[in-house]
Amino acid sequence: MPITFLKLGQLWEPESKCNRTLSTDAYTNLRSIANPNSPFLIFNQVMAAMKIIAICQSGGKFVTGKDGCLSYKGGDAHAIDIDDLMKFDEFKLEVAEMFNIRADSMSIKYFLPGNKKTLITISNDKDLQRMIKFHSSSSTVDIYILIEEVVAPEVSNMPVSRSSRTTLSETVAVAPAPLNVCHTPVTNNMLDVVHDTNQIDTNMDMEIPQEVSPCLPLLSSNNEKYAKGAQQWQNTITGVGQRFSSVHEFRESLRKYAIAHQFAFKYKKNDSHRVTVKCKAEGCPWRIHASRLSTTQLICIKKMNSTHTCDGAFATTGHQATRSWVASIIKEKLKDFPDYKPKDIVNDIKQEYGIQLNYFQAWRGKEIAKEQLQGSYKEAYSQLPFFCEKLMEANPGSLAMCTTKEDSSFDRLFVSLHALLHGFQQGCRPLIFLDSIPLRSKYQGTLLAATAADADDGVFPVAFAIVDDAESDDSWHWFLLQLKSVLSTSCPITFVADREKGLKTSIAEIFEGSFHAYCLRYLTEQLFRDLKGQFSHEVKRLMIEDLYAAAYATKPEGFQNSMESIKKISEEAYNWIIQSEPQNWANSYFQGTRYNHMTSNFGELFYSWAADADELPITQMVDVIRGKIMELIVSRKAVSDQWETRLSPSMEEKLKKESQKTHSFSVLQSTCSTYEVCGDTTEVVDIDRWECSCKAWQLTGVPCCHAISVISGIGQSVYDYCSRYCTAESYKLTYSEIVHPISDMEVSASKDSQLVVTVTPPPTKRPPGRPATKRFGSQEVVKRHLHCSRCKGLGHNKSTCKEQL
């Protein structure tokens, strides 16, 4: 069936299929069945055999009667012919064209027969057919089309479309004439108002819907000020004959030209060899056509009409900016200021170019700029095997290896440099700290690390790994297997680590004869997780103090005294701690040597390096860590070359403090090597076995005050009784080897890329939202609990107390 439109002042005559002038009486009758003066359109549809003739009105308003029914008054009249074969999209486009409105800004509604209080929405073909069926026995049906209110654009907090193939100006809409006319806002809250403005098609060959309110001034003084930042782009397009090296270069130049001259454009043709663009303002003659020069890749402007009859269509919304454009603007500044924040990007682009971005546009632009500066994350994974090979070539004796899953995606990476292995085995105590941190990179992952303590109690990295999955038993087992393969030491090693995550089993299985010292920080956290909600902030603080006192106590009596203090606070906490295997964390019962190190996060310096570099592609992140290790070795070696003492500075300080405590001691010899030292307490010193009953000598490697009294009394040097792991010589051995850089990585990779296995990124991606803040430090953070001042109970306050007054 043909569709015929009846304009205001015209009469529909079905027999002649023509339009005649509508009389005043006829028009009054039409208005009597539809209420005008609203941004709604009414279709008063006269039911025919196979078609519906819709009489439309717009510009009216709804009025509520005393019985609650709605009536419609005022408006203009049009007509449209539909049948039961018409699709909803066709129907909607016809209406949009008739009234010169956006199809995606309409919400179509109607009343059920006999019900003037409930509006039903038509949103698809079934709804349209259902409406016709409902009114099959009626002579008329009213259909209301809600035209969305057009307002000044706000700064959006939602991310822009992922399709960034449109031009910078392409999504900037042209304000229809007249520019000083606005739709009347709808304020009747009884209407079912639906706003749907998110379905914007960004295909280059399609018309772009309008976004800018016709009420906005198109060129304000503020825009003139902001445009100063884009003045450098005013001549990026000069006219016919101008050449560009590629279509991409032409599009970029056109985008900048439009920003500088503050107008919006749309593509009519846009492919790899020709581009035709016109001004989005209706009736404006500005137009440009460029195409490829034959036998070349050059793009040349063939036609251009540079005259604008419109006032421009510039708007400051972020729809003007593609992610790649934002990246191109901020890239140089990001190179100098890596911590350039998205909120600062938003402010700077607003100041310079008058374009209001939202946070997500700035963030995505920054991500693209980072990838352009740092390289592709995906390519970095594919270079991993080659990177490991080159790392081992530059540092013989090192181990750098990566594994993949069945689908060739990244699984795990292990790195231990020869300089680190040599330093640990020659100069460090047989003590390794195991810990992990989550990575904030694009593909997430977890960093597992093994660190040691040098002779000056400084952090010394031994090995690290990056695993795709979260910290798991399998990951730690694999990591310890690789660590075992590179360590040739035969002496037992003490591992300070969490008691969970399968570490207990893996350490005992892989490093047979070694010791597992539980991390006191993790132990404390587990205690309060298991007994959650039972203690106030102050009580928790006291329990932590007693627990640490029990752990540091060198004798069983001291341990028991501290535990009794905990028992007085909570017998349940006391029982939990007793069952937590104190022989793995209390000095008085531990069989290994942990040198008084109680927590596994000793390697915070190393973790901070990884945290600072974890947003880089994986090969660059590993190379940054390698570079930090290289700097650490060089700087500490230079410092130690100036030392003139036999012990490291920190150990010299410990020895000095112990020596100052010996004045009041009396020493009695028991056997040839055993002595009794009397003071505030009586201790037994075995000079041959380097032991004191106070255990301080064994714990630190430096003679305690009791041992110093004996050693001085027999005329020996206390330095001869200091552990070799405390000496300056051991410190220098730790940093005697150097880490070598990888040279010509990119050049070599391009030559030998066919020789290595391709590794693809892991399937996991970073979740939406701001990453959780990392916390370093062993200090326990305890959440404060509510305390009621009325009933003295915990878990609530006075205002929520249920106790009767």
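LEU334 satisfies every condition listed in (1) within 24 Å of the chain's Cα centre (by Cα); (2) surrounded by fewer than 19 Cβ atoms within 10 Å (Cβ to Cβ) except (2).
Restricting to the stretch 408-429, count the residues that are over 30 Å from THR760 (Cβ atoms) and either of a type in the set (A, V, I, L, M, F, W, C) or surrounded by fewer than 20 Cβ atoms within 10 Å (Cβ to Cβ) (or both). Give the derivation first.
Initially, the stretch 408-429 is screened for residues over 30 Å from THR760 (Cβ atoms), giving 419, 421-429.
Adding the requirement that they be either of a type in the set (A, V, I, L, M, F, W, C) or surrounded by fewer than 20 Cβ atoms within 10 Å (Cβ to Cβ) (or both) leaves 419, 421-422, 424-426, 428.
Of the residues in the stretch 408-429, 7 are over 30 Å from THR760 (Cβ atoms) and either of a type in the set (A, V, I, L, M, F, W, C) or surrounded by fewer than 20 Cβ atoms within 10 Å (Cβ to Cβ) (or both).
Evaluating GLU581 against the criteria (1) free of Cβ contacts under 8 Å to residues at least 40 places away in the same chain; (2) more than 38 Å from the chain's Cα centre (by Cα); (3) surrounded by fewer than 16 Cβ atoms within 10 Å (Cβ to Cβ) leaves one unmet condition, (1). Determine whether the stretch 719-739 contains at least one residue that is among the β-branched types (Val, Ile, Thr), touching a residue at least 60 places away in the same chain (Cβ under 8 Å) and assigned to a loop (DSSP other than H, G, I, E, B). Yes, that holds for at least one residue. SER490 satisfies every condition listed in (1) among the small types (Gly, Ala, Ser); (2) touching a strand residue (DSSP E or B) at 6+ places or on another chain (Cβ under 8 Å); (3) without any contact (Cβ under 8 Å) to a residue 12 or more places away in the chain except (2). Somewhere in the stretch 452-469, is a residue open to solvent by 10 Å² or more (accessible area, probe 1.4 Å) and under 21 Å from the mean Cα position of the chain (by Cα)? Looking through the stretch 452-469, at least one residue is open to solvent by 10 Å² or more (accessible area, probe 1.4 Å) and under 21 Å from the mean Cα position of the chain (by Cα). Could you tell me which numbered condition VAL539 fails, if it satisfies all but one of (1) free of Cβ contacts under 8 Å to residues at least 60 places away in the same chain; (2) open to solvent by less than 20 Å² (accessible area, probe 1.4 Å); (3) not in a loop (DSSP other than H, G, I, E, B)? Only one criterion is unmet by VAL539, namely (2).
Considering (1) assigned to a helix (DSSP H, G or I); (2) under 30 Å from THR727 (Cβ atoms); (3) without any contact (Cβ under 8 Å) to a residue 60 or more places away in the chain, the lone condition that PHE424 does not fulfil carries the number (3).
If I go through the stretch 709-731 residue by residue, how many of them are open to solvent by 50 Å² or more (accessible area, probe 1.4 Å) and either closer than 30 Å to THR619 by Cα or among the aromatic types (Phe, Trp, Tyr) (or both)?
Let us first name the residues in the stretch 709-731 that are open to solvent by 50 Å² or more (accessible area, probe 1.4 Å), namely 712-716, 719-720, 724, 729.
The next check asks that each one be either closer than 30 Å to THR619 by Cα or among the aromatic types (Phe, Trp, Tyr) (or both); those that pass are 719.
Matching residues across the stretch 709-731 total 1.
Among the residues of the stretch 270-297, those identified as of a type in the set (A, V, I, L, M) and either surrounded by fewer than 16 Cβ atoms within 10 Å (Cβ to Cβ) or in contact with a helix residue (DSSP H, G or I) (Cβ under 9 Å, 6 or more places away or on another chain) (or both) are VAL275, VAL277, ILE288, ALA290, LEU293.
Could you say which residue among THR645, THR682 is out of contact with any helix residue (DSSP H, G or I) (no Cβ under 6 Å at 6 or more places or on another chain), on the phi < 0 side of the Ramachandran plot and either in contact (Cβ under 8 Å) with a residue 40 or more places away in the chain or open to solvent by 20 Å² or more (accessible area, probe 1.4 Å) (or both)?
Details: THR645 fails: out of contact with any helix residue (DSSP H, G or I) (no Cβ under 6 Å at 6 or more places or on another chain).
Of the residues listed, the single one that is out of contact with any helix residue (DSSP H, G or I) (no Cβ under 6 Å at 6 or more places or on another chain), on the phi < 0 side of the Ramachandran plot and either in contact (Cβ under 8 Å) with a residue 40 or more places away in the chain or open to solvent by 20 Å² or more (accessible area, probe 1.4 Å) (or both) is THR682.
Set side by side, the residues LEU547, LEU527, LEU531 differ, and just one is touching a helix residue (DSSP H, G or I) at 6+ places or on another chain (Cβ under 8 Å), closer than 23 Å to THR700 by Cα and open to solvent by less than 20 Å² (accessible area, probe 1.4 Å), which is LEU547. The set of residues in the stretch 653-694 being within 60 Å of the chain's Cα centre (by Cα), within 20 Å of ASP720 (Cβ to Cβ) and hydroxyl-bearing (Ser, Thr, Tyr) consists of SER659, THR662. Residues that are part of a helix (DSSP H, G or I) and open to solvent by less than 40 Å² (accessible area, probe 1.4 Å) were ranked within the stretch 551-575; the one that is nearest to MET651 (Cα to Cα) is ALA551. Counting only strands (runs of 3 or more DSSP E) that fall entirely inside the stretch 84-172 and contain at least 2 residues that are at pLDDT below 65 and either closer than 30 Å to SER272 by Cβ or touching a helix residue (DSSP H, G or I) at 6+ places or on another chain (Cβ under 6 Å) (or both), no element qualifies.
The values are calculated or read from the model by the stated rules, or taken from the named source; none is laboratory data. Computed from a predicted model, the values in this text were never measured in an experiment. Because the Cβ atoms are built from the backbone with ideal geometry, glycine has one as well, and the counts that use them run over all protein chains shown. Surface accessibility is based on the protein's heavy atoms, side chains included, excluding ligands, DNA and RNA. Shrake-Rupley method; radii C 1.70, N 1.55, O 1.52, S 1.80 Å.
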